[in-house]
Amino acid sequence: MKKSNLCALSLGVVLGINPLLASGPIAPFFEQDSGVDGASGLVRSNRLQAPLAANHRGHLVSTQFRLHGKYEDGRVINVKPNLDGNFIFPAGSDEELATSTYATVDYVFALQQQDLEYLVGQHPENVGIKAALAQWNEPKVGSRKMDAIWIDPQDRSNTNNAFYSRYLSPDRAIFYRDLNFFPFSTTGYSSHSFDIVAHETGHAVLDVLHPEYFSQSTVFNGAYHEAYGDITAFLSLMRQETMAKKIMTEMSQHDGPLDLRKVTYVHQMAENFGRVFGDTALRNLDKNVHVLKAGRNGRMSTEVHDLSGPISGAIFDATANVLNLFMRTQDFSATENAKKYKVVIDAGESMSRLLHLWGAQSKPTFTFEDMGKELSSLAVEHKAHTTSFGAFDVHKEIEAAFTVRGMMGAEAAGNMDVLANSRAFS
Ligand SMILES: [Zn+2]
């Protein structure tokens, strides 16, 4: 695949400029860990288990994704399972990186599939959700189909970056999609990070469900694309059983009430990428970023990564508050310790499904105020269908999180106008 095709059409969403994202590496649903990331304590796996591997016809290829770059057939490495059907490779090997990257993309996609199927089952009358699932199963942009996603875990054509891109095939018949991960200027690749891989996969997910947002025709849908990447990263992390157990254990080791915010790797994005620049992480979602002060030094910015902060922060805030409320006020103490971690999964799942419900009805153009109001009313409407959190006023937490960031309430309409009229990227 020629890189020359990339720029023209992906300029809108070169989702991966420096302030991208990444963090402690882990690959989902694996039993054996091959390495532990020192700073974040997150595990990385070298194991893709047989039942999953069987879906991929013995190679890391499916109808939805395929590896490329140095992993293509006939090139340097063709990653194949061992005799037992598992993909198990030495830590740090090229094969392990490929397996971990591929499995993370596959995991994030599988979660969205589950959500959409669940929601169609719960709301058979909801035309928007049905259409979303149909589009998910056969992604198209207009009349053109989207080809499988080509994943390159070790692209050496750039550094300190990762991106998702979509562009027309040379004969203009279909859309190609790429997920590219580049080396850090220190050591390692951006694909070593669960956060980065999940973030870029989040772009791919949103591009299937809302291809019209890809062009960034408004400041809001461009920033939402970035926010959705970060949101996908932390919600997918919470929904992974091994990680949910780890998060619950760590919450209970801190003094005071159980609090999701105390487990830093949930809200810190791309710790390993941040370290390349001497920072703790590339982004931190546990911040109250006002929508007109999203730039550096608290200035206004409509740069997509900057302006993503108020939205990703608001969704993290609401998720953490609802989970914390549940843990502090329900008779949570009666729950067997071994089962407590499930509420972490429930919280991630509930918020992810609420976002899909919103996505199924959201318009090609919207403001963050629209988003807050619509999410809030959907949270009321679908209260009975959410999991353990049905008893809580999720909408109140959403309203509070959007209001404190200037995206709902008295000043919101004025703030939205200021942003909509400011197309200059800072
Ligand atoms: Zn991005």
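Here ALA173 fulfils each of the conditions (1) aliphatic (A, V, I, L, M); (2) part of a loop (DSSP other than H, G, I, E, B); (3) within 11 Å of the ligand (Cβ to nearest atom) apart from (3).
Of everything listed in (1) at pLDDT 90 or above; (2) of a type in the set (A, V, I, L, M, F, W, C); (3) buried (at least 16 other Cβ atoms within 10 Å of the Cβ), the single unmet condition for LEU52 is (1). Scanning the range 295-335 for residues that are within 15 Å of the ligand (Cβ to nearest atom) and outside any helix (DSSP H, G or I) yields a count of 1.
I need a count of the residues in the range 238-277 that are over 27 Å from PRO183 (Cα atoms), part of a helix (DSSP H, G or I) and of a type in the set (Val, Ile, Thr).
3
Against the list (1) modelled with pLDDT of 90 or more; (2) away from the ligand (no atom under 16 Å from the Cβ); (3) surrounded by 18 or more Cβ atoms within 10 Å (Cβ to Cβ), the condition MET243 fails is (1). Every condition in (1) within 30 Å of LEU168 (Cα to Cα); (2) touching a Leu at 6+ places or on another chain (Cβ under 7 Å) holds for PRO211 except the one numbered (2).
The residue that is farthest from ASP306 (Cα to Cα), among those in the range 209-237 that are away from the ligand (no atom under 12 Å from the Cβ) and part of a loop (DSSP other than H, G, I, E, B), is HIS210.
The single condition among (1) modelled with pLDDT of 95 or more; (2) under 29 Å from PRO257 (Cα atoms); (3) among the hydroxyl-bearing types (Ser, Thr, Tyr) that SER308 does not meet is (2).
The number of residues in the range 176-200 that are within 16 Å of the ligand (Cβ to nearest atom) and either in a helix (DSSP H, G or I) or in contact with a strand residue (DSSP E or B) (Cβ under 8 Å, 6 or more places away or on another chain) (or both) comes to 15.
For VAL289, the conditions (1) hydrophobic (A, V, I, L, M, F, W, C); (2) within 16 Å of the ligand (Cβ to nearest atom); (3) under 13 Å from ALA227 (Cβ atoms) are fulfilled apart from (2).
The values are calculated or read from the model by the stated rules, or taken from the named source; none is laboratory data. Note that this is a predicted model, so its numbers are computed, not measured. Note that each Cβ is placed from the backbone with ideal geometry, even for glycine, and that neighbours are counted across all protein chains shown.
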